[in-house]
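Student: Structure in structure tokens, see below.
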Amino acid sequence: MNEGTVALVTGANKGIGYEIAAGLGALGLRVGIGARDDRRRQAAVEKLRAAGVDAFGVPLDVTDDASAAAAAQLIEDQAGRLDVLVNNAAISGGMPQDPTGVDPATVRTVVETNVIGVIRVTNAMLPLLRRSASPRIVNMSSSVGSLTRQSDPDAEQIAGPVAVAYAPSKTFLNAVTLQYVRELRGTNILINAACPGYVATDLNGFRGFRTPEQGAAIAVKLATLPDDGPTGQFFDDTGVVPW
């Protein structure tokens, strides 16, 4: 990865997504700031440019087919290809999410953004990624999506709270990630899932103990893997996360 490499980060106007964009930009990548809110997206682009990042805005609502298609067209017009896609945009759905009391509509809404949105954006960007010499896809997951950890009665601290919409959405995302890996095996596209850790963001009411910059580090690492790097794995800062 070097100057001239083009990345798109979804949900990049704030929090972890913004810091992923900043981290990639600091390495010399040109970064598309994917966000649906025009004002926040432009503010993020201006802040990143002031810090020396080659950033450009990409209007993108991951829940909308036409928006994803328009974003792909914009990137094609701007750069002609895409080297890195970081699927970061996500929602929590709000708490509590006890399975016995949840509104099924909440689960549906969370899955639409956190899972179907990733499929929608990835498929829109794949033609551009196939033009890259070293394409990378990073899906921002969470260790709360680990079935191994969720099924461990002694792992409450790393399993997170009971959350029948958010946690299973990340399990679903992990499974989707592996399906892409299987289909694209034999190509040069490296695809991995990343857990940022418990980061203080508005998604969790800023209760996390890690900074957005710390949470972004694993995504930046996976987005810039060498050609012989891993694919089809789930990582956090400490190494491999169990599925």
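Student: List every residue pair whose Cβ atoms lie under 7 Å apart, where the two residues are 6 or more positions apart in sequence or sit on different chains, the first residue falls within the range 43-67 and is more than 11 Å from TYR18 (Cβ to Cβ), and the second residue, located anywhere, is open to solvent by 70 Å² or more (accessible area, probe 1.4 Å) and at pLDDT below 95.
Tutor: Qualifying pairs under 7 Å: PHE56/GLN78.
Student: Right, next: Among the residues of the range 226-239, what is the count of those that are over 19 Å from ARG182 (Cα atoms) and open to solvent by 40 Å² or more (accessible area, probe 1.4 Å)?
Tutor: So the answer is 3.
Student: Open to solvent by 20 Å² or more (accessible area, probe 1.4 Å) and touching a helix residue (DSSP H, G or I) at 6+ places or on another chain (Cβ under 8 Å), is that true of VAL121?
Tutor: No, not satisfied.
Student: Check GLY28 against each of (1) out of contact with any strand residue (DSSP E or B) (no Cβ under 7 Å at 6 or more places or on another chain); (2) part of a helix (DSSP H, G or I); (3) open to solvent by less than 50 Å² (accessible area, probe 1.4 Å) and name the one condition it does not meet.
Tutor: Condition not satisfied by GLY28: (2).
Student: So which of GLY4, GLY11 is more than 17 Å from the chain's Cα centre (by Cα) and on the phi > 0 side of the Ramachandran plot?
Tutor: GLY4
Student: OK, next. Do you know which residues across the range 73-102 are touching a Ser or Thr at 6+ places or on another chain (Cβ under 8 Å) and either of a type in the set (D, E, K, R) or surrounded by fewer than 17 Cβ atoms within 10 Å (Cβ to Cβ) (or both)?
Tutor: If the condition is that a residue be touching a Ser or Thr at 6+ places or on another chain (Cβ under 8 Å) and either of a type in the set (D, E, K, R) or surrounded by fewer than 17 Cβ atoms within 10 Å (Cβ to Cβ) (or both), then ARG81, ASP83, GLY94 are the ones that fit.
Student: Same structure, new question: Filter the range 11-25 for residues that are in a helix (DSSP H, G or I) and of a type in the set (A, V, I, L, M, F, W, C) and give the result.
Tutor: Within the range 11-25, ILE16, ILE20, ALA21, ALA22, LEU24 qualify.
Student: Here's a follow-up. Quick check: is even one residue across the range 158-171 charged (D, E, K, R), part of a helix (DSSP H, G or I) and open to solvent by 10 Å² or more (accessible area, probe 1.4 Å)?
Tutor: Within the range 158-171 (the criterion being charged (D, E, K, R), part of a helix (DSSP H, G or I) and open to solvent by 10 Å² or more (accessible area, probe 1.4 Å)), the answer is no, since none of the residues qualifies.
Student: Give me the pairs: first residue in the range 128-141 and open to solvent by less than 10 Å² (accessible area, probe 1.4 Å), second residue hydrophobic (A, V, I, L, M, F, W, C) and assigned to a loop (DSSP other than H, G, I, E, B), beta-carbon distance under 6 Å, and six or more apart or on different chains, which are they?
Tutor: LEU128/LEU82; LEU129/LEU82; PRO135/ILE189; SER141/CYS195
Student: Hey, can you tell me all the residues within the range 74-91 that are in a strand (DSSP E or B) and out of contact with any Leu (no Cβ under 6 Å at 6 or more places or on another chain)?
Tutor: Selection gives VAL84, VAL86, ASN87.
Student: Given the options ALA105, ALA68, name the one that is part of a helix (DSSP H, G or I) and crowded, with 22+ Cβ neighbours inside 10 Å.
Tutor: ALA68
Student: If you scan the range 142-153, which residues turn out to be open to solvent by 10 Å² or more (accessible area, probe 1.4 Å) and either among the polar types (S, T, N, Q) or assigned to a loop (DSSP other than H, G, I, E, B) (or both)?
Tutor: SER142, SER143, THR148, GLN150, SER151, ASP152, PRO153
Student: Now a separate question. List the residue pairs whose Cβ atoms are under 8 Å apart, where the first residue sits in the range 182-193 and is open to solvent by less than 10 Å² (accessible area, probe 1.4 Å), the second is of a type in the set (Gly, Ala, Ser), and the two are 6 or more positions apart or on different chains.
Tutor: Sorted first by the residue in the range 182-193, then by its partner, the pairs are ILE191/GLY232; ASN192/GLY232; ALA193/SER141.
The values are calculated or read from the model by the stated rules, or taken from the named source; none is laboratory data. In this text the structure is predicted, and so the values were computed from the model without any measurement. Backbone-built Cβ (ideal geometry, glycine too); neighbour counts: all protein chains shown. Heavy atoms of the whole protein, side chains included, go into the accessibility calculation; ligands, DNA and RNA do not. Shrake-Rupley method; radii C 1.70, N 1.55, O 1.52, S 1.80 Å.
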